[in-house]
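The values are calculated or read from the model by the stated rules, or taken from the named source; none is laboratory data. Not measured: the values here are computed from a predicted model. Here Cβ is always computed from backbone atoms with ideal geometry, including for glycine, and neighbour counts include all displayed protein chains. Ligands, DNA and RNA are excluded from the accessible area calculation, which covers all protein heavy atoms including side chains. Shrake-Rupley method; radii C 1.70, N 1.55, O 1.52, S 1.80 Å.
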Amino acid sequence: MPPSHPTRRRAAWLLAGAAMLLVAVLLSLIVGSRHVAPGAAIQALFHDGGSADAQVVRALRVPRTVVGILAGAALALAGTVMQGITRNPIAEPGILGISQGASVGVVTAIAFFGVHSLGGYVWFAFAGSAIAGVAVYAVASGGRGGASPVKLALAGAAMNAFLASVVSGVATTNARALDEFRFWQVGSISGRDAELIGQVWPFMLAGALLVAAVARGLDALALGDDAARNLGNNVGRLRALGALGATVLTGAAVAAVGPIAFTGLAVPHIARALVGTAHRWVLPMAALLGPVMILGSDVIGRVLFPPSEVPVAVMTALIGVPFLVALVRRRTVVAA
């Protein structure tokens, strides 16, 4: 087989992923309680029109679609990195307590600081996720061997349990906080606006750059810590940078759209099945497929029980649970 053949095949899958993303974006713009013709939706993007269709597309569906793209890419990249640095095939962005940290930030903002808007939640959610991520890594780094994959997973599980109890304690003793927190916790990309996008995209870009910087190191980590060291990698620094990138990406995504499960778990495995295990290919493929999963789930949720909408987090769970069951039943699973 010519050496260039795998590269051409991987490039073809990347192009296919880009095409799927374009289709998902178009569907996100035209499908909903008010159906908009594809031509009208495309025209609304490039021309200022006063029609009702144009207003719906520009004011409601474009921000919703952009948020879906950003959150999907961030969660998929974070999941890929988490599976790489922990060498755990069922690792996902919440494994370091990041999602629960964001939940603590939001419920604290509502209950104690009187914040009642998505634009206000985002900073508290991001701060909570960052503190949780740092705390987990600090706990896992203690003792002999540093932040090993097993210690990271155990520290993350303990932090998740602790933070979940904090959220429950605050929410159940404050009825107003509980009502508002439920709205954020359900996980949705509807109702998001351009202001929110402006708040989170710089963090997502920074996280993506950190993830890209450790791509080759993740390939080395897949061979084991000793092999990675023999190849000249600083394993501790590599894991720290990877965890930092995953924390920033997950924190920004969860702050913007609430906790959305299974995207960070399923998408990396799908990407590896298509382009192999080299992270220089897996990461861009995951960044394309993550938004496809989020936008596709959102579109299905809009049309399933009209005129009501099923939140995207519910739809990703319905898709992700069968995937997780199939993953667990496999005899061999490659994490990175």
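Some points to look at:
- Length gained on full extension, Ala213 to Arg280: 23.1 nm, using 0.36 nm per residue less the C-alpha separation.
- The listed residues Thr7, Thr316 rank as Thr7, Thr316 when sorted by accessible area, largest first, using a 1.4 Å probe.
- Glu92 accessible area, 1.4 Å probe, all protein chains in place, Å² to nearest 10: 60
- For the chain, the C-alpha radius of gyration sits at 1.00 times the compact-globule guess of 2.2 N^0.38 Å, with N the residue count.
- For region 245-281, backbone nitrogen atoms closer than 18 Å to the point 7 Å from Phe183 Cα along Cα-to-C-beta are found at 255-259.
- Surface analysis of the chain yields an accessible area of 44 Å² per residue, using protein heavy atoms and a 1.4 Å probe.
- Three-way shape label, region 188-336, alpha-carbon gyration tensor, a/c 1.5: oblate
- Rounded accessible area of Phe112 (nearest 10 Å², 1.4 Å probe): 140
- Contact order relative to length of the chain, as percent, for alpha carbon pairs under 8 angstrom and 6 or more apart: 29
- For Met20, solvent-accessible area (1.4 Å; no DNA, RNA or ligand), Å²: 80
- Within the accessible area of the chain (1.4 Å probe), percent carbon and sulfur: 67
- In this entry, region 144-252 is assigned a mean projected area of 9.1 nm², taken as a quarter of its C-alpha convex hull surface.
- Kyte-Doolittle mean at least -0.5 and Cα axial length at least 27 Å: DSSP H helices in the chain: 4-30, 62-86, 118-141, 149-172, 194-213, 235-257, 279-304
- The dipole here belongs to the chain: it is taken about the Cα centre, uses +1 on the Cβ of Lys and Arg and -1 on the Cβ of Asp and Glu, and is about 980 debye.
- Neighbourhood charge, 12 Å Cβ-Cβ cut-off, centred on Val67 and excluding it, Lys, Arg +1 and Asp, Glu -1: 0
- Rounded if a/c under 1.5, otherwise prolate or oblate - region 17-125, Cα gyration tensor axes: oblate
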